[in-house]
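Here is the structure we will look at, set down as structure tokens.
Please treat every number below as a calculation from the coordinates, not as lab data. Bear in mind the structure is a predicted one, so any value in this text is a computation, not a measurement. Cβ: placed from backbone, ideal geometry, glycine included. Neighbour counts: every protein chain shown.
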Amino acid sequence: MLIICPDCLSKTRIATSKAITSKTRELYCQCLNLYCGKVFVSHISYSHAIEPTGKKPDPELQPELCKDAGQIGIFDEN
């Protein structure tokens, strides 16, 4: 994950993070630009799923997932 420094727009490193909720983390970041060195806190959170999961793959759209007949069984409900 790439976090950009809000002051100099250089790359940063995430020194550590902690969970705020099950869908939000607080990131403690440090700028990698030696002349800046800004230390700051950022938040990242889950917004929404792009496509629902849990369905069997469509053999026409994802043939690589359907090559092995036994492999497709992992998508069956228990």
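What ³J(HN,Hα) values, in whole Hz, does the Karplus curve 6.51 cos²θ - 1.76 cosθ + 1.60 give for region 21-30 when θ = phi - 60°, with x put for Gly and Pro?
9, 5, 10, 9, 10, 9, 9, 9, 10, 9
I need the peptides 36-47, 20-31 ranked by packing, meaning the mean over residues of other C-beta atoms within 10 angstrom, with the highest value on top. Provide the component values of the computation, followed by the final result.
Numbers: 36-47: 11.7, 20-31: 14.0.
The densest-packed peptide leads the list: 20-31, 36-47.
Give me the one-decimal nm value for the distance between modelled label points at ILE4 and ALA19, 7 Å along each residue's Cα-to-Cβ direction.
Computed distance between label sites ILE4 and ALA19 equals 3.1 nm.
Can you compute the modelled spin-label distance between ASN33 and ILE50, with each label point 7 Å from Cα toward Cβ, in nm?
Each label point is offset 7 Å from its Cα along the Cβ direction, giving 3.0 nm.
Considering amide H positions built from the backbone, and no H for Pro or chain starts, which residues 5 or more places from ILE3, or on another chain, come under 5 Å of its amide H?
Correct list: THR12.
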